[in-house]
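To start, the structure itself, in structure tokens.
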Amino acid sequence: MRIVDVSPRVVAARVGGSQARIGNILRGLAEHHEVRLLSQPRLAAVRRSRLNGGFERANPSLASALVSELGELDWPTSPLFSGIGLRLTRRAPLRRLLEWGDVTLVEFPWQFRECAQLAGERPIVLASHNVEIERHSSLADAAGAGPSRRPWLRFIEAREREAVGRADLIVAVSEADRRGFAERYGADPGRIVVAPNGADVRGIVPADADRRAAAREALGVPAGRPVVLFAGADVTPNRVALDWVRALARATDRFTFLVVGKIGGQPRREESLHVTGWIPDFTQALAAADLSVCPVEFGGGTKIKLLESLAAGLPVVAFEESLHGTELRDGEHVVVAPSSVAGLLAALGALADDPGRAARIGAAAREHAVEHHDWRRSAEVVERALAGLVGR
């Protein structure tokens with residue numbers, strides 16, 4: 001098959017969120033098929049270049065790149081700019097790209113109308129990352145935006161309803177999202193396939209004592225205390241979660257809280273808080289940790305950094321909301337804590353006090369990730385669905 005993917009974001013497998021999902025699934029598809037990726041933003045992506053994994057990244061319009069840069073920002077209105085950016089893309093190169101493909105994957109609903117107009121009779125797929133209206137409503141709650149400050153939600157819901165109605169196939173990240181599309185928009189469940197978010201379960205493996213010590217030395221993590229990992233991109237749900245982690249660090253000196261990623265800002269130490277900023281090899285942070293914490297209350301989809309902690313065999317303490325879209329069970333694969341500093345500390349302390357229980361939960365977490373959240377299996381689900389769609 002010849003597969004076209006249209007993304008409003010620059011794609012890289014080593015970062016989290018939607019970019020990791022797009023990159024990993026396309027790399028899986030590119031093993032057996034021709035795949036071309038149109039990434040809207042980033043001025044560096046204007047000129048066609050090769051992206052390791054065998055597929056191309058191209059942006060045929062400088063104006064599109066300039067406007068789509070705004071769509072990369074963590075603004076409530078960023079979907080508006082992603083949609084406008086695609087409309088500013090020169091239509092002739094975009095039409096040629098879509099005509100080249102046997103099938104087109106559109107990553108977000110605000111891109112769908114433009115692609116559907118140019119795809120002609122070729123099948124077109126909504127490769128969703130969330131039920132977007134649910135996610136953005138949750139983000140509005142996180143930002144404390146009242147009803148008068150939510151006009152962009154009407155735009156998101158209208159675009160999502162249109163995309164769901166026009167798509168020949170919808171790829172959802174979970175059974176919960178599959179039900180959401182069917183119940184909210186009346187989508188035929190037979191047109192929805194579930195390809196879960198995942199982790200690189202072969203590249204991410206549990207660390208032994210020597211590897212853990214080496215990772216801590218490389219990251220400058222102080223010795224003598226259990227290390228609790230929190231990682232994520234600098235987006236609203238993670239900023240709220242970081243407030244919980246900071247409160248934990250202020251409340252106890254029993255643990256070192258290792259904060260990794262752009263969410264933490266510049267590298268620094270603040271008593272029990274050790275911030276690295278973004279690091280090129282996230283497996284190093286996973287190897288350095290004894291436990292992982294995911295106090296994320298807002299957003300949608302499934303949390304990829306949570307899945308990566310599971311793949312590393314780390315016992316995870318999380319809020320119930322963080323488990324959305326998964327089949328993780330409290331006490332077996334993770335430990336669910338109440339939304340309080342005391343509750344989080346009690347859960348972390350109980351795991352630290354009972355290494356045997358922590359090891360059992362970590363092993364079960366690893367097994368669950370391998371069985372249910374392997375990126376390669378998700379790519380195979382998408383591959384089979386696209387082959388069936390093109391065949392019909």
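The values are calculated or read from the model by the stated rules, or taken from the named source; none is laboratory data. Being a predicted model, the structure only gives us computed values, none of them experimental. Note that we place each Cβ from the backbone using ideal geometry, even for glycine, and neighbour counts take in every protein chain shown. Accessible surface areas use protein heavy atoms only, side chains included; no ligands, DNA or RNA. Shrake-Rupley method; radii C 1.70, N 1.55, O 1.52, S 1.80 Å.
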| task | Among the GluC sites (Glu not before Pro) in segment 298-344, which ones are in a DSSP loop with at most 16 other Cβ atoms within 10 Å of the Cβ? Mind listing them? | result | E327, E332
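Quick one: dipole size for segment 278-333, taken about the Cα centre, charges +1 on Lys/Arg Cβ and -1 on Asp/Glu Cβ, in debye to the nearest 20.
Numbers: 3 positive and 9 negative charges, 29 e Å.
Computed about the Cα centre, the dipole is about 140 debye.
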| remark: At the level of C-alpha centres, the distance separating segment 320-392 and segment 233-275, in angstrom, is 22 Å
| Nitroxide proxy distance, nm - points 7 Å out along Cα→Cβ at A63 and D210 | 6.0 nm
| said: Tell me the angle of helix 236-251 to the major Cα principal axis of the chain, expressed in degrees between 0 and 90 and rounded to the nearest ten. | reply: 0 degrees
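For the chain, what does the accessible surface come to per residue with a 1.4 Å probe? Please give it in Å².
Numbers: 16330 Å² over 392 residues.
Accessible surface, normalised per residue, equals 42 Å².
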| query | Across segment 353-363, in residue order, what do the Karplus-derived ³J(HN,Hα) couplings come to in whole Hz, using 6.51 cos²θ - 1.76 cosθ + 1.60 with θ = phi - 60° and x for Gly and Pro? | reply | 7, 10, x, x, 5, 4, 5, 5, 5, x, 5
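Viscosity 1.567 mPa s, temperature 4 °C: give me the Stokes-Einstein translational D for segment 200-289 in µm²/s, with Rh taken as the Kirkwood radius over C-alpha pairs. If you can, show how the numbers build up before the last one.
Working: Rh = 13.3 Å.
Reported coefficient: 98 µm²/s.
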| message | Given axes a ≥ b ≥ c from the Cα gyration tensor, I'd like to know whether segment 246-392 is rounded (a/c under 1.5), prolate (a/b larger than b/c) or oblate. | response | prolate
| Within segment 308-344, what residues put their amide N at less than 16 Å from the label point 7 Å along the Cα-to-Cβ vector of A218? | 312
| field | Nearest-20 debye value, segment 203-309 charge dipole, Cβ charges on Lys, Arg, Asp, Glu | value | 160 debye
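Sum up the charges of everything whose Cβ sits under 9 Å from the Cβ of W375, counting Lys and Arg as +1 and Asp and Glu as -1, but leave W375 out.
+2
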| From phi via Karplus (6.51, -1.76, 1.60), per-residue ³J(HN,Hα) for segment 5-11 in Hz, x at Gly/Pro | 10, 10, 10, x, 10, 5, 9
| When ranked by the protection proxy of mean other Cβ atoms within 10 Å per residue, highest first, what sequence do the peptides 244-253, 189-198 form? | 189-198, 244-253
| Accessible surface of the chain, 1.4 Å probe, proportion on carbon and sulfur as whole % | 50 percent
